[in-house]
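Engineer: Here it is, the structure in full.
The values are calculated or read from the model by the stated rules, or taken from the named source; none is laboratory data. Quantities reported herein were computed from a predicted structural model and do not represent experimental measurements. Cβ coordinates were reconstructed from backbone atoms using ideal geometry, including for glycine residues, and neighbour counts include every protein chain displayed.
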Amino acid sequence: MGTSLLIKNGLLVSSDGLRRADILIEGERTVHVGQVGQAERVAQVIDADGWLVLPGLIDVHVHLRQPGGEHKEDFYTGTCAALAGGVTTVFAMPNTAPAITDAETFERALALAERNAVCDYGLFLGATRHNATLKRGHPDLRECGLKIYMGSSTGDLLVEDFAAQYEHFAHYPPERVIAVHAEHEPAVRYFEAQGLRRPPICAELEVARAVALADYCRRRLHVCHISTRREVEIIAEAKARGVPVTCEFTPHHLFLTEETARARKDALGDLLPASLFEMNPPLRSRQDVDALWAGLAIADCIATDHAPHTLAEKRSANPPMGVPGLETMLPLLLTAAHAGKLRLEDIARLCCEGPARVYNIAGKGRIAPGFDADLILVDPEAEWVIGDKPLFTKCNWTPFMGWPMRGAIRRAFVRGRLAFDDGRIIVERGCGKLARNW
Ligand code: DOR
Ligand code: ZN
């Protein structure tokens with residue numbers, strides 16, 4: 001029993017409350033939670049007195065840029081950033097170069113993840129106008145879900161017309177998750193021609209369409225990055241009617257508004273180009289942001305949409321959209337919890353249990369016997385400032401630079417193994433594994 005580990009005296013966080021308990025881990029799994037007492041046969045004991053213990057976070061929306069965007073991020077740097085942010089499982093988006101749209105590109109991306117990731121991962125398959133029946137020929141493809149870009153964003157994935165969208169909703173296995181980037185492309189183009197960037201109606205139109213498709217086809221749908229009050233209402237109404245729909249909110253849509261981004265830009269001038277606050281869908285008004293906070297109960301997940309781009313790209317005349325988020329999501333949420341804006345229980349629900357439920361991830365998202373020992377230790381009292389230590393993300397910036405934080409991630413364990421220890425990644429490339437779902 002040389003691989004056993006006992007974490008004593010921590011305050012365990014789950015959606016139904018906080019409790020002081022010990023956690024006994026053998027190999028990759030948690031085997032006991034409760035009072036463990038004196039265990040002589042345990043190889044290692046960690047005293048977590050004064051610390052919170054959470055299940056490792058599961059971020060179901062990240063862009064790790066491999067293959068083709070390695071100058072922005074790769075599976076190694078992106079998963080290092082994940083661990084530093086308390087995230088022990090990431091689901092990677094398929095808008096790479098080339099995009100992940102068939103068995104060949106999928107297997108190639110999987111091989112890259114296997115060789116480089118330091119936390120566990122899933123990989124999305126990307127929808128195109130022509131691959132709606134791909135799963136028939138490849139039922140064993142191990143993708144975590146299908147991502148449909150119903151509106152355009154970074155990369156060349158786009159399925160904007162009704163017929164092509166419908167084919168995917170009709171053919172993809174109904175119990176598996178279709179995740180959508182829902183912005184109505186004709187509206188996006190129309191407003192762009194007027195010099196307006198993706199006003200709320202773009203997202204609202206397409207979210208309504210995605211929900212109608214899921215309802216009509218009686219199939220699972222997950223709506224990414226909900227950003228407006230009206231979208232919250234659409235999702236709430238759909239859920240109340242029993243449509244099998246789930247959704248995620250992002251940290252940037254919760255913590256930034258179009259006004260705060262503008263004010264920071266005015267204060268800091270060219271030090272921070274406006275594009276550091278630009279993503280798809282864009283930041284919204286204070287009223288929309290308030291509606292997200294008020295509607296947190298209908299959210300199933302908080303996911304980062306970690307979308308790193310280099311500063312040089314962001315400073316260019318035609319900057320790409322997106323912001324990194326892996327290292328700042330949990331600190332922002334802990335700080336908000338400290339301020340009473342949400343409860344620690346909500347963090348466990350939205351960042352651990354919810355993602356595992358939405359994507360049917362086996363053995364993750366909770367601290368319980370039989371579950372993977374993906375755990376993080378958090379010092380809830382630590383005070384620090386974002387940017388006061390180097391970031392792990394290759395792009396090396398964040399829109400939250402200079403924000404004071406309360407609560408810091410001290411350790412991250414992936415399947416029983418200490419992977420992040422007080423600011424350092426101490427595991428080798430390739431120790432991450434494909435998370436099992438279906
Ligand atoms: O802002 C965004 N950036 N939104 C997306 O949908 C894609 C992402 C990216 O890949 O850069
Ligand atoms: Zn995204």
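Engineer: Which of (1) in a loop (DSSP other than H, G, I, E, B); (2) under 24 Å from residue 83 (Cβ atoms); (3) more than 16 Å from ligand 1 (Cβ to nearest atom) does residue 131 not meet, given it meets every other one?
Structural biologist: (2)
Engineer: Considering only residues that are touching a residue at least 40 places away in the same chain (Cβ under 8 Å), touching a strand residue (DSSP E or B) at 6+ places or on another chain (Cβ under 8 Å) and in a loop (DSSP other than H, G, I, E, B), which ones fall in region 370-410?
Structural biologist: Result: 370, 371, 373, 374, 386, 392, 393, 403.
Engineer: Hey, another quick one. Out of the residues in region 253-277 meeting the condition of being at pLDDT 95 or above and outside any helix (DSSP H, G or I), tell me which one is farthest from ligand 1 (Cβ to nearest atom).
Structural biologist: So, considering only residues that are at pLDDT 95 or above and outside any helix (DSSP H, G or I), the one farthest from ligand 1 (Cβ to nearest atom) is 257.
So that you can scan it fast, the table gives a plain yes or no per residue for (1) under 14 Å from the mean Cα position of the chain (by Cα); (2) of a type outside the set (S, T, N, Q):
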| site | (1), (2) |
| --- | --- |
| 66 | no, no |
| 80 | no, yes |
| 90 | yes, yes |
| 113 | no, yes |
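Engineer: Take the residues of region 289-336 that are touching a strand residue (DSSP E or B) at 6+ places or on another chain (Cβ under 8 Å) and without any contact (Cβ under 8 Å) to a residue 60 or more places away in the chain: which is farthest from ligand 1 (Cβ to nearest atom)?
Structural biologist: 296
Engineer: Among the residues in region 151-162, are any under 23 Å from residue 237 (Cβ atoms) and in a loop (DSSP other than H, G, I, E, B)?
Structural biologist: yes
Engineer: Ok, one more. Specify which of the listed residues (53, 87, 62, 118) is crowded, with 24+ Cβ neighbours inside 10 Å and in contact with a His (Cβ under 6 Å, 6 or more places away or on another chain).
Structural biologist: 62 is the lone residue from the list that is crowded, with 24+ Cβ neighbours inside 10 Å and in contact with a His (Cβ under 6 Å, 6 or more places away or on another chain).
Engineer: Scan (1) basic (Lys, Arg); (2) more than 24 Å from residue 73 (Cβ to Cβ); (3) within 15 Å of ligand 2 (Cβ to nearest atom) for the single condition residue 198 breaks and write down its number.
Structural biologist: Going through (1) basic (Lys, Arg); (2) more than 24 Å from residue 73 (Cβ to Cβ); (3) within 15 Å of ligand 2 (Cβ to nearest atom) one by one, residue 198 breaks only (2).
Engineer: How many residues are surrounded by fewer than 20 Cβ atoms within 10 Å (Cβ to Cβ), closer than 23 Å to residue 121 by Cβ and of a type in the set (A, V, I, L, M) when one looks only at region 345-390?
Structural biologist: Final tally of qualifying residues: 2.
Engineer: Take residue 50 and decide whether it is under 16 Å from residue 373 (Cβ atoms), more than 16 Å from ligand 1 (Cβ to nearest atom), in contact with a strand residue (DSSP E or B) (Cβ under 8 Å, 6 or more places away or on another chain) and not acidic (Asp, Glu). If you could, list the steps in order and put the result at the bottom.
Structural biologist: Details: under 16 Å from residue 373 (Cβ atoms): no; more than 16 Å from ligand 1 (Cβ to nearest atom): yes; in contact with a strand residue (DSSP E or B) (Cβ under 8 Å, 6 or more places away or on another chain): yes; not acidic (Asp, Glu): yes.
Taking the combined requirement at face value, the residue does not satisfy it.
Engineer: Which of (1) closer than 13 Å to residue 208 by Cα; (2) assigned to a strand (DSSP E or B); (3) among the acidic types (Asp, Glu) does residue 248 not meet, given it meets every other one?
Structural biologist: Going through the list (1) closer than 13 Å to residue 208 by Cα; (2) assigned to a strand (DSSP E or B); (3) among the acidic types (Asp, Glu), residue 248 breaks only (1).
Engineer: Also, I was wondering about something else. Looking at the structure I just gave you, is residue 225 crowded, with 17+ Cβ neighbours inside 10 Å, touching a His at 6+ places or on another chain (Cβ under 9 Å) and part of a loop (DSSP other than H, G, I, E, B)?
Structural biologist: yes
Engineer: Quick check, is residue 179 surrounded by 22 or more Cβ atoms within 10 Å (Cβ to Cβ), at pLDDT 95 or above, within 16 Å of ligand 1 (Cβ to nearest atom) and not in a loop (DSSP other than H, G, I, E, B)?
Structural biologist: Yes; evaluated as a whole, the condition is true for this residue.
Engineer: Go through the residues of region 132-154 one by one and say whether even a single one is surrounded by fewer than 24 Cβ atoms within 10 Å (Cβ to Cβ), closer than 25 Å to residue 108 by Cβ, without any contact (Cβ under 8 Å) to a residue 12 or more places away in the chain and charged (D, E, K, R).
Structural biologist: Scanning region 132-154, I find at least one residue that is surrounded by fewer than 24 Cβ atoms within 10 Å (Cβ to Cβ), closer than 25 Å to residue 108 by Cβ, without any contact (Cβ under 8 Å) to a residue 12 or more places away in the chain and charged (D, E, K, R), so the answer is yes.
Engineer: Okay, moving on. Return the residue satisfying two criteria in turn: it lies in region 100-115 and is surrounded by fewer than 23 Cβ atoms within 10 Å (Cβ to Cβ) and part of a loop (DSSP other than H, G, I, E, B), and of such residues it is farthest from ligand 1 (Cβ to nearest atom).
Structural biologist: That would be 102.
Engineer: Same structure again: Across region 292-336, which residue is farthest from ligand 2 (Cβ to nearest atom) among those that are over 19 Å from the mean Cα position of the chain (by Cα) and crowded, with 20+ Cβ neighbours inside 10 Å?
Structural biologist: From region 292-336, those over 19 Å from the mean Cα position of the chain (by Cα) are 294, 310-320; that's our starting set.
The next check asks that each one be crowded, with 20+ Cβ neighbours inside 10 Å; those that pass are 314, 320.
Numbers: 314: 16, 320: 12 Å.
Filtering first and then ranking leaves 314.
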